[in-house]
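*Asks:* Mind having a look at this structure? Questions to follow.
Every number in this text was worked out from the coordinates using simple rules, so none of it is lab data. Fair warning: this is a prediction, and the values are worked out from it, not measured in the lab. Note that we place each Cβ from the backbone using ideal geometry, even for glycine, and neighbour counts take in every protein chain shown.
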Amino acid sequence: MRLLIMGPPGAGKGTQGELLAEHLGVRRLSTGEMLRDARAERTELGREAQRFMDAGELVPDAVVLGLVAQAMNGSGPTAGFILDGFPRTIPQAEGLSDLLARRGTPIDAVVLLKVPEEELVRRLTGRGAEEGRTDDDPATIGRRIQVYYAETEPVVRWYGETGVRVIEETGTGSIEEIQASLRERLSL
Ligand code: AMP
């Protein structure tokens, strides 16, 4: 199973993606986590990414595409995966589509988690305080949500138009309920 998990920041992509990945026995690849690791290790790429992340902006497409291509190379051609937080722009979606076409492993479905904006802000504000994520301060939260609607929401439509199955799931309710509903809808 090859899935994308999409939705605004704070929708629960990481939580639901991780549970689905465990259930399926596949890898979850999160570009946000890869970038945070690079930033913590202070690699050149991490230092370049930092100013975009701290401002709530997207890291340039070429950087993110490079990270994903590298991560995919490390896994067998038939292995399933869940991509979390990628692609976030149309050029990233096109790049991913080329990469997967070369491997002969197209996406099976896109999961879209929908959560009202005031709930996103509430969740992200709580997470910023708990985890000390520097991009979860109020100004950056607002910007990240804005960037999602401007850059990433069109990607969901793009998948729908290219004939990929898009599963829209309400991302409010308990973690277990949402996970159960996703598994049912994906026949897992
Ligand atoms: P996330 O943990 O997915 O919310 O990502 C945290 C931050 O990393 C984002 O606000 C972006 O600055 C950056 N980032 C993660 N994934 C991408 C991506 N696919 N394209 C561009 N920037 C990304």
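*Asks:* Can you sort 149, 159 from fewest to most other Cβ atoms within 10 Å of each residue's own Cβ?
*Replies:* 149, 159
*Asks:* Let me ask another. If you average the sequence gap of Cα pairs under 8 Å that are 6 or more apart and divide by the length of the stretch 47-188, what percent do you get for the contact order?
*Replies:* Contact order relative to length: 31 percent.
*Asks:* List every residue whose amide H lies under 5 Å from the amide H of residue 58, counting only residues 5 or more places away in sequence or on a different chain, with H placed 1.01 Å from N in the peptide plane.
*Replies:* Long-range HN contacts for residue 58: none found.
*Asks:* Given the -39500 (n - 2.57) contribution per DSSP H run of 4+ residues, what per-residue ellipticity at 222 nm results for the chain, rounded to the nearest 500 deg cm²/dmol?
*Replies:* -17000 deg cm²/dmol
*Asks:* Any idea what % of Cα-Cα pairs in the stretch 90-188 are farther than 23 Å?
*Replies:* 43 percent
*Asks:* Across bins of 5 angstrom width beginning at 0, how are the C-alpha pair distances of the stretch 84-133 distributed, in whole percent?
*Replies:* Percent of Cα pairs in each bin: 5, 15, 16, 18, 14, 11, 12, 8, 2.
*Asks:* Please report 61, 84, 136 as a ranked list, fewest other C-beta atoms within 10 angstrom at the top and most at the bottom.
*Replies:* Going from least to most buried by this count: 61, 136, 84.
*Asks:* Using θ = phi - 60° and the Karplus form 6.51 cos²θ - 1.76 cosθ + 1.60, what ³J(HN,Hα) does each residue of the stretch 58-72 get, whole Hz, x for Gly and Pro?
*Replies:* 7, 6, x, 3, 4, 5, 5, 4, x, 4, 5, 4, 5, 5, 5
*Asks:* Could I ask something else about it? Beyond 30 Å, what share of the Cα-Cα pairs of the chain is found? Please give it as a whole percent.
*Replies:* Of all Cα-Cα distances in the chain, 14 percent exceed 30 Å.
*Asks:* Residues with amide H under 5 Å of residue 2's amide H, sequence separation 5 or more or different chain, H placed in the peptide plane at 1.01 Å from N; which?
*Replies:* Under 5 Å from the amide H of residue 2 lie the amide H atoms of 81, 108, 109, each far enough along the sequence or on another chain.
*Asks:* Could I ask something else about it? Step through the residues of the stretch 156-173 one at a time and calculate ³J(HN,Hα) from phi using the Karplus curve (6.51 cos²θ - 1.76 cosθ + 1.60, θ = phi - 60°), rounding each to whole Hz and writing x for Gly and Pro.
*Replies:* 4, 4, 4, 5, x, 5, 8, x, 7, 5, 10, 9, 8, 10, 5, x, 10, x
*Asks:* Specify the inter-centroid distance of the stretch 123-188 and the stretch 9-56, based on alpha-carbon positions, in whole Å.
*Replies:* 13 Å
*Asks:* Apply the Karplus curve 6.51 cos²θ - 1.76 cosθ + 1.60, θ = phi - 60°, to the phi angles in the stretch 115-130 and return the couplings in whole Hz, x for Gly and Pro.
*Replies:* Once rounded to whole Hz, the list reads 9, x, 4, 5, 6, 4, 4, 4, 5, 5, 5, x, 5, x, 5, 6.
*Asks:* While we're on this one: Please find the FRET efficiency linking residue 98 to residue 146, where r is the Cβ-Cβ separation and R0 is fixed at 30 Å, and quote it to the nearest 0.05.
*Replies:* According to the calculation, E is roughly 0.60.
*Asks:* Could I ask something else about it? Which residues' amide hydrogens lie under 5 Å from the amide hydrogen of residue 30, considering only partners 5 or more residues apart or on another chain, with H built in the peptide plane?
*Replies:* Placed amide hydrogens put 84 under 5 Å from residue 30.
*Asks:* When the chain is fully extended, how far beyond the present Cα-Cα distance does residue 125 get from residue 183, taking 0.36 nm per residue of separation?
*Replies:* Once the chain is fully extended between residue 125 and residue 183, it gains 18.0 nm.
*Asks:* Turning to a different aspect of this structure: At a 10 Å Cβ-Cβ cut-off, how would you order 114, 13, fewest neighbours first?
*Replies:* 114, 13
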